[in-house]
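The values are calculated or read from the model by the stated rules, or taken from the named source; none is laboratory data. All values derive from a computational prediction rather than experimental measurement. Cβ: placed from backbone, ideal geometry, glycine included. Neighbour counts: every protein chain shown.
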Amino acid sequence: MLQSLFQLLNDHQIVLMAKPVYCTLLLVLTLFHSVHLSRQQLQPFQSNALREIQRLLNYPSVLGSFNNTWDFCSIEPTPSLSVVCYEDNVTQLHIIGNNGVPPLPQSFSIDALFSSLVVLSNLKVLSLVSLGLWGPMPGSVGKLSSLEILNVSSNYFNGFIPVELSYLRNLQTLMLDHNQFTGQVPGWLSSLHALAVLSLKNNSLFGTLPSSISRLENIRILVTANNHLFGEVPDLENLTNLQVLDLESNYFGPHFPALHNKLVTLVLRNNSFQFGFPAEIVSCYQLQKLDISLNGFVGPFLPSLFALPSMNYIDVSGNKLTGRLFQNMSCNKELAFVNLSSNLLTGDLPACLQPTFKNRTVMYARNCLSDKEQQQHPSSFCHNEALAVKVWPQKLKRHNAKAVLASSIMGGIVGIALIVGLSFFVIHRRNSWVAVKTPSTRLIKEKVSTVNTIKLLSDARYISETMKLGANLPAYRAFALEELKEATNNFTHSSIMGEGSRGQIYRGKLGDGTVVAIRSLKMRKKHNAQTYTHHIEMISKLRHNHLVSALGHCFESCPDDSSVTIIYLIFEYVPNGTLRSCISEGLPGKRLNWTQRIAAAIEVAKGIQFLHTGILPGVFSNNLKITDVLLDQNLHVKISSYNLPLLAETRGTGGAGVSSPGLKSNVRGRANHEDKDDVHDIGVILLEILVGRPIMSQNEVMVVKDIIQVSNKMDDTARRSIVDPSIIKECSAESLKRVMEICLRCLSNEPTDRPSIEDVLWTLQFAAQLQDPWRIDSNHFNHQLTESSSLEM
């Protein structure tokens, strides 16, 4: 556990400058080794508990043989196991697995494991990492009253964070990273007064960060990255010990959080922060890493950040920061990484950021700087954009809202009026110009905001909100058998569209003229009506603009076999062909252009995101293929085959609504990375979008992937040499590069290395944003994008 804690500190570039802290940690390390040297004889009931833990975790090679005289306290520590004893008690237990390989036995019980752990009542440090543990964390953990450090990272724990953890009054470190905990960040965490490290990254937590978090006076590291959290960050200015704050990839905002000036690492990347960038941040003299990229910050950039005495990492890319840079600006000599890309900066690149500094990585593309080594917009672009987004700067320290309102209401009214007027004028002029200069064409381009779209939250009370995404569909209802017979001319052979494993798929036309696809399923009556009703209720919720959604159902008793029920599922009918037919099989002049292809990929990702998070439990392992992606009359995507809950045990293989193996339980399914299986399938679709030809086998996937991997490491010329010739001249260098990068990440051999569906969606939206201004600039200045070398984001 100590090793894990030091690794966390190292990851966030923490310098232990306080001598008492350093000495305390050194003392802990000394005790850690000295205790191992002393031979302690455990009480028999503790030895028995360790043997039971060994049996439950299937770890005979780690804990040794079963004999009554085995001295657990004398086991030499290994990377997999460390047992620390004091007198006749176990005080530390570290068990580190290999991502659940080998898997836990079928008889494994998380409750039994924690019941055995509770016997070790003097445990101060407990690490159970990468063991494949799954299920809700038992409340019995609250009985480990001596616990000071708890690390259960990289498992498959789900459900709420148990309230029983609040009983652990001595807890100093709580690490729940890389699990599937849901619910809100609990307010009772503030009762853990000794808590110094709280890390909750890579879970499925939602809601706002509780204001009570500001009462954790001893907190040094606070990490909530990669969750579904949103809203304003509580006032953290009184947390004077806070050194690391990492809120990456949530939806916090829009105001910059109020913070103390002793921060060492601040990561706000990929959130929904807006307004001005606070000038007070330059008073954080211990700040080493600042990452506010991929937000909506506007207003002046602060060049004095370059010269902060401890600064070595700055990333402000993907905002709308303005200001003029000068060559004579100074930089801290330790500054190793700077990313200014995709802002509205003008002037000259400072001399201290020039390529002559070999150990310094600097990226500044898509600004309006005079240095043309990396792609720049014309100066007019930054000027016009700055007018459209000009706002008053935001302060780091928030004052009393009423006082601000009273002192600035008149200025605010005048400022808003000016902003609205200027914005309307600029946008009107620009839209008029684009309408004249840009050819009229039917696009499915996604209009992407500079602020991230709120994720669909996987909690039942949000289902009604996600249902709005299918609001343009007819209401789901029960159909009468007579309606279906009339729609299909009594299910004649001529109305059959295809065959499924359990019945036919018919094309029908309802009385109101709506064309539908009707799938028939023959089901044995081994379940009661309530079970079928539950499945139907699940199907009725799978309604989304980018799914071929179910419109209703109908039950019929099979006339030939009384033990069989026929279920008819009625779906939308999508007549416009597949995505493949519009990319790799259509005539060259009628294929989707680059902008349309990105938009189609975005809509595929949105459909999959809804399947994963729009209902409970999510629908995973959908075996998605490009031939399952249909286009409607407006060229919008509709995913036709996905793993419907009702078909989980039928293992159907064809027709509308199913193409994959049955849906497993939500816990075991996520443990098997079924969500990342869908991400891999999106990667295969992106391959075909890029190369513009059918990819028919896994071997071909690997070959094309390797080619893209090599070319993406080279320059823009190499990248363009392998894409579909019909889009070579249409796509911007950075847009193409972004799509290639996310495609390769999706196709990673290790499921854990693949991005989340939210990451895929965001990256594709960003690629669309990168493409849009390039198109406008290209038309306006009548030139093509030059084949620049190795532009880095």
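What to note about this one:
- Beta carbons closer than 7 Å, at least 6 apart along the sequence or on distinct chains, pair a first residue in segment 476-495 that is more than 18 Å from PHE555 (Cβ to Cβ) with a second that is buried (at least 17 other Cβ atoms within 10 Å of the Cβ) for ASN489/SER495; SER495/THR488; SER495/TYR506; SER495/ARG507; SER495/GLY508.
- Of the strands (runs of 3 or more DSSP E) lying entirely inside segment 185-238, the ones with 3 or more residues being within 20 Å of the chain's Cα centre (by Cα) and within 16 Å of ASN270 (Cβ to Cβ) are found at 228-231.
- Unique residue being of a type in the set (Phe, Trp, Tyr), assigned by TED's automatic domain parsing to the domain that holds SER130 and at pLDDT 90 or above when the list is TYR156, TYR167: TYR167
- Scanning segment 316-335 for residues that are farther than 26 Å from HIS383 by Cα and exposed (fewer than 15 other Cβ atoms within 10 Å of the Cβ) turns up LYS333, GLU334.
- Of all the residues in segment 117-145, those that are within 17 Å of CYS85 (Cα to Cα) and either outside any loop (DSSP other than H, G, I, E, B) or in contact with a Leu (Cβ under 6 Å, 6 or more places away or on another chain) (or both) number 8.
- Screening segment 712-756 for residues that are among the basic types (Lys, Arg) and surrounded by 16 or more Cβ atoms within 10 Å (Cβ to Cβ) and picking the one that is farthest from GLY683 (Cα to Cα) gives ARG720.
- Contacts under 9 angstrom Cβ, first residue in segment 559-578 being within 16 Å of GLY503 (Cβ to Cβ) and touching a residue at least 12 places away in the same chain (Cβ under 8 Å), partner in a loop (DSSP other than H, G, I, E, B) and β-branched (Val, Ile, Thr), 6 or more apart: PHE571/VAL548
- Matching residues, segment 565-586, being more than 24 Å from ILE539 (Cβ to Cβ), touching a Gly at 6+ places or on another chain (Cβ under 8 Å) and surrounded by 19 or more Cβ atoms within 10 Å (Cβ to Cβ): ILE583
- Residue in segment 540-558 that is surrounded by the most Cβ atoms within 10 Å (Cβ to Cβ), counting only those that are in contact (Cβ under 8 Å) with a residue 24 or more places away in the chain and among the hydroxyl-bearing types (Ser, Thr, Tyr): SER549
- Within segment 334-371, tally of residues that are out of contact with any Leu (no Cβ under 7 Å at 6 or more places or on another chain), farther than 24 Å from LEU287 by Cβ and among the small types (Gly, Ala, Ser): 1
- Top-ranked residue of segment 669-708 - restricted to ones that are under 24 Å from the mean Cα position of the chain (by Cα) and of a type in the set (Asp, Glu), ranked as surrounded by the fewest Cβ atoms within 10 Å (Cβ to Cβ): ASP677
- Condition met for LEU302 (among the aliphatic types (A, V, I, L, M) and over 31 Å from the mean Cα position of the chain (by Cα)): no
- Helices (runs of 4 or more DSSP H) (entirely within segment 693-756) containing at least 3 residues that are farther than 26 Å from ARG366 by Cβ: 698-712
- Odd one out for ASN158 among (1) free of Cβ contacts under 8 Å to residues at least 40 places away in the same chain; (2) farther than 17 Å from LEU247 by Cα: (1)
- Scan of segment 72-103 for residues that are in a loop (DSSP other than H, G, I, E, B) and either surrounded by 21 or more Cβ atoms within 10 Å (Cβ to Cβ) or of a type in the set (Gly, Ala, Ser) (or both), ordered by number: SER80, GLY97, GLY100
- Residue within segment 302-315 that is surrounded by 18 or more Cβ atoms within 10 Å (Cβ to Cβ) and in contact with a Phe, Trp or Tyr (Cβ under 6 Å, 6 or more places away or on another chain) present: yes
- Residue check, PHE256 touching a His at 6+ places or on another chain (Cβ under 9 Å), closer than 23 Å to LEU229 by Cβ and in contact (Cβ under 8 Å) with a residue 24 or more places away in the chain: no
- Verdict on PHE114 being within 29 Å of ASN98 (Cβ to Cβ) and in contact with a Phe, Trp or Tyr (Cβ under 8 Å, 6 or more places away or on another chain): no
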